[in-house]
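A short worksheet on the structure shown next.
The values are calculated or read from the model by the stated rules, or taken from the named source; none is laboratory data. All values reported here derive from a predicted model rather than from experimental measurement. Cβ atoms come from the backbone with ideal geometry, glycine included; neighbour counts cover every protein chain shown.
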């Protein structure tokens, strides 16, 4: 999994895109399930990101379909740290 970010001062909110190619998962059901799992975790983390960004997450392996949620969250958190997205030390809000 890789992440690309760019600041976007022209918008009021952060935009996120998750790309899962056919080479990663052949069936649309599998691609959509991976996409939903990644989107859900990022949705919970969006209030903790300082600034307004355009974020693209590119999924390169189909193992995200079956990886436990804890491992998925750890991978995404690591990507956020590496990309320079600053996170507050607040807890994740429950919605």
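Here are a few things to note about the model shown:
- Taking (1) at pLDDT 90 or above; (2) surrounded by 12 or more Cβ atoms within 10 Å (Cβ to Cβ) in turn, residue 21 satisfies each apart from (2).
- When residue 70 is tested against (1) out of contact with any strand residue (DSSP E or B) (no Cβ under 9 Å at 6 or more places or on another chain); (2) touching a residue at least 12 places away in the same chain (Cβ under 8 Å); (3) surrounded by fewer than 16 Cβ atoms within 10 Å (Cβ to Cβ); (4) part of a helix (DSSP H, G or I), exactly one condition is not met: (2).
- Residue count for region 21-64, restricted to those that are more than 22 Å from residue 8 (Cα to Cα) and in a loop (DSSP other than H, G, I, E, B): 9
- Of the residues making up region 1-20, those that are part of a loop (DSSP other than H, G, I, E, B) and touching a strand residue (DSSP E or B) at 6+ places or on another chain (Cβ under 6 Å) number 3.
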